[in-house]
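Notes to accompany the following structure.
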Amino acid sequence: MSVTVVGSVNEDVLVAVGRLPARGETVIGTSTTQAPGGKGANQAAAAGLLGPGVHMLGRVGEDAAGDRQLAALAGSRVNVSRVHRTPGLPTGTATIAVEEGSGENLIVVVPGANDALTSTDVDVEPVHRADVLLLQLEVPMDTVHAAAAAAGGTVVLTPAPPQPLSEELLGLVDVLVPNEHELVQLTGTPAADRSPTELVALAKTLPGPVIVVTLGARGALLVRRDGSPHLLQAPPSVDVVDTTGAGDCFSGALAQALARGEELPGAVRYAVAAAALSTTGPGARGALPDDDTVRALLDRTPEATEVA
């Protein structure tokens with residue numbers, strides 16, 4: 001059982017604000033905190049805390065931020081032997097404004113060393129032999145494509161930050177995991193509030209065998225070509241502090257569940273519960289759960305229901 005993550009490693013700067021700013025507006029923050037981040041590293045950390053056999057492939061700078069990020073990943077039981085130091089480039093950073101009360105956020109990423117991750121870096125044994133390969137889009141697209149092509153197991157792609165995806169890349173992906181906003185951008189449709197039924201119809205316009213649409217507090221949709229779509233609702237009574245990284249926790253948990261052989265509905269339900277727990281603390285990794293905690297919450301997490 002193994003999960004390999006190819007992706008970004010960042011240092012996050014969290015800024016607490018009373019409300020998120022509008023375009024062109026300045027608001028006063030109440031505090032700042034440094035924390036580990038990067039969509040790839042967040043997913044690896046989530047998977048590592050939920051089970052064994054997690055490898056991270058990425059790049060950091062030859063700086064103190066890189067030291068901190070490698071130590072944080074190792075502390076989450078992630079093998080970092082394939083995270084390379086990159087001379088002349090800083091470790092990636094993300095500045096995240098978090099709204100007090102709602103936990104909603106705005107994020108600006110500066111890639112730094114993440115942009116230096118190459119196709120050669122990912123043509124390695126941890127990619128070839130992984131049961132599940134987990135990908136995102138905070139590293140060069142050519143590298144993402146090369147990793148998907150080199151994979152020997154199930155390929156899971158989170159299309160974030162959203163950008164156009166080639167049919168060739170989508171043909172290499174087994175499970176696509178957009179949130180509802182990314183789904184809208186991928187399908188080229190106007191932004192709007194949509195029902196689960198409408199989101200299922202949008203998902204079916206994309207190629208690929210399985211699409212899992214994350215819906216935040218509403219849970220997730222499982223859309224398969226060979227079966228009825230299902231809604232996996234989030235568990236009730238979770239006290240949300242910060243939603244930063246909840247989608248990354250979802251993907252890491254989904255990858256671990258698939259790697260240990262769970263069927264898709266059960267794997268998505270497990271990921272929904274893990275993501276809900278991840279919102280109960282600050283930052284992308286402030287409340288990442290372990291397997292026992294997720295399984296305890298599954299008793300209060302609804303079973304899959306068919307979407308009409």
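Which loop trypsin sites (Lys or Arg not before Pro) in region 6-91, with loop taken from DSSP, have no more than 11 other Cβ atoms within 10 angstrom of their Cβ? Loop-located and lightly packed - Arg23. Residues considered: Gly24, Gly208, Gly53. Largest GNM mean-square fluctuation over the chain, using C-alpha springs under 10 Å, is found at Gly24. Residues of region 126-152 falling in the label zone of Ser81, defined by backbone nitrogen less than 15 Å from a point 7 Å along Cα to beta-carbon, are 126-130.
For Leu215, the amide hydrogen comes within under 5 Å of the amide hydrogens of Ala220, Leu221, counting only partners 5 or more places away or on other chains and with H modelled in the peptide plane. Legend: calculated FRET efficiency, Val110 to Ala22, from the Cβ-Cβ distance at R0 = 25 Å, rounded to 0.05, equals 0.65.
Sequence-ordered 3J(HN,Hα) estimates for region 11-17 from the Karplus curve with 6.51, -1.76 and 1.60 and θ = phi - 60° stand at 9, 8, 10, 8, 10, 7, 10 Hz, glycine and proline given as x. Rounded to the nearest whole Hz, the Karplus-based 3J(HN,Hα) values (6.51 cos²θ - 1.76 cosθ + 1.60, θ = phi - 60°) of region 114-126 follow the sequence 4, 6, 9, 6, 10, 4, 5, 4, 9, 8, 9, 4, x, with x at glycine and proline. Spatially, region 67-81 and region 151-210 are offset by 30 Å when compared through their Cα centroids.
For region 46-146, a Kirkwood hydrodynamic radius built from all Cα pairs, placed in the Stokes-Einstein relation at 20 °C and 1.002 mPa s, yields a translational diffusion coefficient of 144 µm²/s.
Once the C-beta distance of Ser237 and Arg295 is scaled by a Förster radius of 22 Å, the resulting FRET efficiency is 0.80 to the nearest 0.05. Of the GluC sites (Glu not before Pro) found in region 1-74, the ones in coil according to DSSP and having at most 12 other Cβ atoms within 10 Å of their Cβ are Glu25. Across region 248-254, computed HN-Hα scalar couplings (Karplus, 6.51 cos²θ - 1.76 cosθ + 1.60, θ = phi - 60°) run 5, 4, 4, 5, x, 5, 4 Hz from first to last residue, x flagging Gly and Pro. Over what distance in Å are the Cα centres of region 113-138 and region 257-303 separated? What the calculation gives is 24 Å, centre to centre. Of the residues Gln69, Gln185, Gln256, the one that moves most in a GNM of the chain with alpha-carbon contacts below 10 Å is Gln185. Each Lys or Arg adds one and each Asp or Glu subtracts one; over the other residues with Cβ under 13 Å from the Cβ of Leu106, this totals -3.
Where a number appears in this text, it was derived from the coordinates with a stated rule and is not lab data. None of these values were measured; they are calculated from a predicted model. Glycine also receives a Cβ, built like all others from the backbone with ideal geometry; neighbour counts cover every protein chain displayed.
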